[in-house]
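What follows is a set of notes on a single structure, which appears directly below.
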Amino acid sequence: EALKGDLLNLMIFAGAAVGALLGFLRFNSHPASVFMGDVGSFAIGGGLVALAMLTRLSLLLPIIALTMLASSLSDIIQIGYFKLTHGKRVFRMAPLHHHFELGGVPETRIVAMYMIVTALMCLLALTTVAG
């Protein structure tokens with residue numbers, strides 16, 4: 001019975017987070033009038049990690065957050081390679097979405113691509129949990 005209460009609390013937290021994000025996206029769609037900074041994105045990441053740890057699904061995080069992981073890794077790779085080669089770059093600009101932007105891909109297409117990849121990865125993660 002206590003486990004059901006704990007899961008209910010996690011569901012309420014997740015639902016509130018999703019509601020807040022949907023409210024944010026309403027004003028962040030193109031052209032954006034509200035922008036999220038590091039504090040907001042770190043809070044979302046922390047909440048996602050907390051939910052994953054508390055539900056014992058932390059091994060699914062790299063799948064669910066593939067686009068976030070790619071952006072972080074592109075930064076790490078760019079900085080490391082820049083320091084090792086004294087000024088050479090792997091990407092036009094890091095993080096990865098700016099590399100695509102400088103390559104001529106419209107911002108709306110980049111966002112759509114990230115959303116599609118994230119949705120597909122979330123579906124893949126769900127298939128591993130179901131059953």
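The values are calculated or read from the model by the stated rules, or taken from the named source; none is laboratory data. The structure displayed is predicted, hence computed values, not measured ones. Note that each Cβ is placed from the backbone with ideal geometry, even for glycine, and that neighbours are counted across all protein chains shown. Areas reflect the complete protein model, heavy atoms only, side chains present, ligands, DNA and RNA absent. Shrake-Rupley method; radii C 1.70, N 1.55, O 1.52, S 1.80 Å.
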Heavy-atom accessible area with a 1.4 angstrom probe orders His98, His86, His30, most exposed first, as His86, His30, His98
Kirkwood radius from Cα pairs of the stretch 79-126 plugged into Stokes-Einstein at 4 °C, 1.567 mPa s, gives D in µm²/s equal to 104 µm²/s
Residue-ordered couplings for the stretch 87-99, obtained by feeding phi - 60° into the Karplus form 6.51 cos²θ - 1.76 cosθ + 1.60 and rounding to whole Hz (Gly and Pro as x), are x, 7, 10, 8, 10, 4, 7, 10, x, 3, 5, 6, 4
Counting every C-alpha pair in the chain, the percent lying more than 18 Å apart is 66 percent
The relative contact order of the chain, taking Cα pairs under 8 Å that sit 6 or more residues apart, comes to a percentage of 19 percent
For Val105, the accessible surface traced by a 1.4 Å probe with all protein chains present amounts, in square angstrom to the nearest 10, to 50 Å²
Taking N as the number of residues in the stretch 1-71, the ratio of its alpha carbon radius of gyration to 2.2 N^0.38 Å works out to 1.27
When the charge dipole of the chain is computed with +1 on Lys and Arg Cβ and -1 on Asp and Glu Cβ about the Cα centre, the Cα farthest towards its positive end, among Asn28, Val18, Val90, belongs to Val90
Burial-style ranking of 77-83, 39-45, average other-beta-carbon count within 10 Å with highest first, yields 77-83, 39-45
One finds the C-alpha centres of the stretch 1-51 and the stretch 77-111 to be spaced, in Å, by 28 Å
